[in-house]
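The structure appears right after this line, and notes come after that.
Please treat every number below as a calculation from the coordinates, not as lab data. These numbers come from a predicted model, not from an experiment. Counting neighbours? That spans all protein chains shown, and the Cβs are built from the backbone with ideal geometry, glycine included.
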Amino acid sequence: MRVLLKMKLSGARSTDAIRGGQMRPLMRQFVEHTSPEGIWFVLEHGQRTMLAIFDLKQPGDMPRVCEPLFQAFDSEIDVTPVLTAEDVAAALPA
């Protein structure tokens with residue numbers, strides 16, 4: 001199932017992770033585990049925020065994907081199913 005993961009990073013913990021060099025290996029691990037279609041880093045309401053779209057193979061993969069991010073960044077994470085325009089068109093009656 002294609003999902004959008006939205007991670008809001010805490011200010012202090014994410015700053016410490018960036019300064020301490022933990023951010024790059026964690027992002028590399030995230031990319032290796034999820035093979036995302038895309039990752040974007042934005043500011044949302046003044047907070048560092050990561051958006052990623054990837055295929056979540058099964059719900060049981062969520063802890064493997066999310067737990068390292070929770071622990072490293074004290075982050076708030078939302079995972080939302082997403083559809084492409086083609087997905088929606090295929091689901092609508094003809």
Run the quick spin-label model on residue 71 and residue 16: label points 7 Å from Cα toward the beta carbon, then report their separation in nm to one decimal. 1.5
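For the stretch 1-73, run through the trypsin sites (Lys or Arg not before Pro) and keep only the ones in DSSP coil with at most 11 other Cβ atoms within 10 Å of their Cβ.
57
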Ranked list, fewest to most other Cβ atoms within 10 Å of each Cβ, for 49, 34, 15: 15, 49, 34
What angle do you read, to the nearest 10 degrees and between 0 and 90, between the alpha-carbon axis of helix 23-34 and the longest principal axis of the chain? 20
Among the GluC sites (Glu not before Pro) within the chain, which fall in a DSSP loop and have no more than 14 other Cβ atoms within 10 Å of their own Cβ? 37
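Nearest 0.05, what FRET efficiency do residue 26 and residue 91 give at R0 = 41 Å with Cβ-Cβ as r?
Values: r = 35 Å, r/R0 = 0.86.
My answer for the efficiency is 0.70.
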